[in-house]
Structure formats: structure tokens, C-alpha cells
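The values are calculated or read from the model by the stated rules, or taken from the named source; none is laboratory data. Keep in mind it's a predicted model, so treat the numbers as computed, not measured. Here the Cβ positions follow ideal geometry from the backbone for every residue, glycine too, while neighbour counts run over all protein chains shown.
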Amino acid sequence: MSVLFQYTNHRNTARGTKLKQRSTTSSGFTIVEILVAVVILSIAITSLVSIAITAQYAQRDAYYLSEANRAASTKIEEMLATPYDELSDGTTNFSSDSSLDNLPAGSTGEMVIATAALAPDSKQIDVTVTYTIGTQEKEVFMTAYADPET
């Protein structure tokens, strides 16, 4: 005859049977460990975002400085390509010139041609490009000399 059902008594008896005890070791993380990890991760992400924003501003500033230098050197080259006899003393504003198109709105350019103080036969060409980034006004200044022989 086969047994279909077997009953086992799990009571602590005098014969020394033991109840199964719960394990005291546990795996996983406590809530405090998780909170500390989240705080550290938040600080790291905030630092990385701050670095990225600073790098972006530095890149923008470098771009505008490069564009202002390009605009000033373009004006200098135009004046040096002009025959010496056609260079007349005076101030010229070139704020509406296309060379300033890549600078922030409101950028200005000014060119001053004058007889050079140290070489009276030469013309001194001063070009100033001014642009604003946020609340800071930046300025690029270039000087060149045109000789009658060139």
C-alpha cells in the first residue's frame, strides 16, 4: 500500500527537533546607504553640468574674440590694399559692415586713419571692434602702418 499523505509535526518536542531559524545575514542595501549614494551621485552630476556650462561660455567667448579679430584684420587688409594717396585722415564707423555679422547684435567697428607720429611719411591705421557679451563689453584693437612705397 502506498502513502498519499504524510503528516509531520513541526512542534518543538522533547526529542530535540529544531525550528528553522531566520537568517541574520541579509543581502541588499539599507535606505541610508541608498540615500548617501543618491547624494554623492547628485553632487557629481551637478559638478559635471557646471563644468559643461562653463566650457560652453568659454567656447562662445573664444568664438566672438576670433570673429572680432577677423573683422579688424579684414578692415586693416582693405586699407593696406588701398593706394596710399587715397588714404585720408579721419574716423570711419563700419558698424553696419558685413564683417560684424557673426558678432552679437549691437557690435560696433571704428577705423581711424592718421599721420603716424613717429614716421610722418606713413599713415597709422587703428581699428577697434567692440562687442558685448552679457554685461561685459569686450574690445579688439589693431594697428597697422601704411607706407607710401607700398
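Being surrounded by 11 or more Cβ atoms within 10 Å (Cβ to Cβ) and either touching a Cys at 6+ places or on another chain (Cβ under 9 Å) or of a type in the set (D, E, K, R) (or both) is the filter; apply it to the range 78-100 and report the residue that is nearest to residue 124 (Cα to Cα).
Here is the first cut: in the range 78-100, the ones surrounded by 11 or more Cβ atoms within 10 Å (Cβ to Cβ) are 78-80, 82, 84, 87, 92, 94-95, 97, 99-100.
Now restrict to residues that are either touching a Cys at 6+ places or on another chain (Cβ under 9 Å) or of a type in the set (D, E, K, R) (or both): 78, 97.
Working: 78: 14, 97: 21 Å.
Among those residues, the one meeting the criterion is 78.
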For this session: Filter the range 120-150 down to the residues that are among the hydrophobic types (A, V, I, L, M, F, W, C) and in contact with a strand residue (DSSP E or B) (Cβ under 7 Å, 6 or more places away or on another chain), then identify the one that is surrounded by the fewest Cβ atoms within 10 Å (Cβ to Cβ).
Result: 141
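If I filter the range 95-102 for residues that are more than 23 Å from residue 58 (Cα to Cα), in contact (Cβ under 8 Å) with a residue 60 or more places away in the chain and in contact with a strand residue (DSSP E or B) (Cβ under 9 Å, 6 or more places away or on another chain), do I get at least one hit? Even if it seems obvious, please write down each step before you answer.
Taking the range 95-102 and keeping what is more than 23 Å from residue 58 (Cα to Cα), we get 95-98.
Now restrict to residues that are in contact (Cβ under 8 Å) with a residue 60 or more places away in the chain: none.
No: zero hits.
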Exercise. Consider residue 102 against the criteria (1) touching a Ser or Thr at 6+ places or on another chain (Cβ under 7 Å); (2) closer than 28 Å to residue 64 by Cα: it satisfies all of them except one. Which criterion is unmet?
Worked result: (1)
Exercise. Regarding residue 114, is this residue exposed (fewer than 10 other Cβ atoms within 10 Å of the Cβ) and either among the small types (Gly, Ala, Ser) or out of contact with any Asp or Glu (no Cβ under 8 Å at 6 or more places or on another chain) (or both)?
Worked result: no
Exercise. Would the range 56-66 turn up any residue that is surrounded by fewer than 12 Cβ atoms within 10 Å (Cβ to Cβ), among the small types (Gly, Ala, Ser) and outside any helix (DSSP H, G or I)?
Worked result: no
Exercise. Got at least one residue in the range 79-93 being in contact with an Asp or Glu (Cβ under 9 Å, 6 or more places away or on another chain), at pLDDT below 95 and within 13 Å of residue 146 (Cβ to Cβ)?
Worked result: yes
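In the range 73-94, what residues are among the basic types (Lys, Arg) and within 20 Å of residue 62 (Cβ to Cβ)?
Of the residues in the range 73-94, the ones among the basic types (Lys, Arg) are 75.
Once the filter is applied, which keeps residues that are among the basic types (Lys, Arg) and within 20 Å of residue 62 (Cβ to Cβ), the range 73-94 yields nothing.
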